[in-house]
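J.: Just dropping this structure here.
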Amino acid sequence: MSLQLGQLVFLQPLWLIVSFILALCTLLLRIHPGRNDWSKVVAPPVLRFLGGQQGIRSRWNWALLVATLVALCLSQPVVRQSDDQTWRHSTGWIVVADVSRSMTLTDVVPSRLSALRVSLAELSVAASARPISLILYAGDAFLVAPPAFDKSVFDEHAALLEHGVIPIEGSNLARALSLATSVIDGSQFINARVLLLTDSGGISKASIAAARYLADAGHQLDVLLFGTVESTLTDDVDTAVDATGANSLAEAGNGYLVVSDSFGVIDY
């Protein structure tokens, strides 16, 4: 049987009753040295004037005080602590994948999106014992695989990844990085690594500010860039990716920029 008062828990609460009784006796049985019969019949001011109460003061019974403290200790007071921090992950990977329309371009064989799927599978293996999660973004961003050591959910989404899984077109990278920050905070990672797989769509002042915020919090943002750096035309579309902007984003996130080759292969 135990008694809990807020965060304080008494493992032997019956000793609290003994402690209370001893404390009450300590208050009631104080010793008053120097008292005599004159103090019973003479008013205190007169007695003090005559010098009959010099040195008279209350004195605690130290034996009862010690007994009170001993009884309080025997009640075994402890502080209950949550074990949330005990199971806190020290590090984890947050993979942010671009599934916007531009990722369907074929300047990377067979396509940027196909190369991204292969990279996701390789990252799943490379994560090893680290928890890994997956965020998809286009015009909006969604967490599809929360941080977990079991990579089955991550692998399933990576294998089935297609353009259109997010119906809102665009490249809202700032929103994706903001969501990554929320995932990191919710998972209480001490040192997270955010891996952005993109063709440089959505890089802006807002996304660079989000990357800098991650770096200031002790995390790291790496950019894995899919596409050709040189300006070429594919289906009358200029396929050149913004390597300069991607490099600025990686530098703001205190990470690295890695550009895939024409077959979408990343040198990890």
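The values are calculated or read from the model by the stated rules, or taken from the named source; none is laboratory data. Note that the coordinates shown come from a computational prediction; the quantities given were computed from them, not determined experimentally. So basically every Cβ, Gly included, is an ideal-geometry build from the backbone, and we count neighbours across all protein chains shown. When the accessible area is computed, the model is the full protein with side chains, heavy atoms only, and any ligands, DNA or RNA have been set aside. Shrake-Rupley method; radii C 1.70, N 1.55, O 1.52, S 1.80 Å.
J.: Are any residues in the stretch 110-147 of a type in the set (D, E, K, R) and open to solvent by less than 20 Å² (accessible area, probe 1.4 Å), and if so, which ones?
T.: 112
J.: Determine which member of the set 192, 158, 174 is without any contact (Cβ under 8 Å) to a residue 40 or more places away in the chain and either open to solvent by less than 10 Å² (accessible area, probe 1.4 Å) or under 22 Å from the mean Cα position of the chain (by Cα) (or both). I'd like the intermediate steps shown before the answer.
T.: Details: 192 fails: without any contact (Cβ under 8 Å) to a residue 40 or more places away in the chain; 158 fails: without any contact (Cβ under 8 Å) to a residue 40 or more places away in the chain.
Going through 192, 158, 174 in turn, just one is without any contact (Cβ under 8 Å) to a residue 40 or more places away in the chain and either open to solvent by less than 10 Å² (accessible area, probe 1.4 Å) or under 22 Å from the mean Cα position of the chain (by Cα) (or both): 174.
J.: Could you tell me which residue of the stretch 12-31 is farthest from residue 70 (Cα to Cα), considering only residues that are touching a strand residue (DSSP E or B) at 6+ places or on another chain (Cβ under 8 Å) and either modelled with pLDDT of 75 or more or open to solvent by less than 60 Å² (accessible area, probe 1.4 Å) (or both)?
T.: Out of the qualifying residues, it is 13.
J.: Identify the residue in the stretch 75-98 that is surrounded by 11 or more Cβ atoms within 10 Å (Cβ to Cβ) and modelled with pLDDT of 80 or more and, among all such residues, is farthest from residue 29 (Cα to Cα).
T.: 98
J.: Give the residue that is farthest from the chain's Cα centre (by Cα), with candidates limited to residues of the stretch 200-234 that are among the charged types (D, E, K, R) and modelled with pLDDT of 90 or more.
T.: The residue in question is 205.
J.: Kindly list the number of the only condition in (1) within 25 Å of residue 121 (Cα to Cα); (2) part of a loop (DSSP other than H, G, I, E, B) that fails for residue 178.
T.: Among (1) within 25 Å of residue 121 (Cα to Cα); (2) part of a loop (DSSP other than H, G, I, E, B), residue 178 violates only (2).
J.: Residue 211 - would you say it is free of Cβ contacts under 8 Å to residues at least 40 places away in the same chain, in contact with a Gly (Cβ under 9 Å, 6 or more places away or on another chain) and buried (at least 19 other Cβ atoms within 10 Å of the Cβ)?
T.: no
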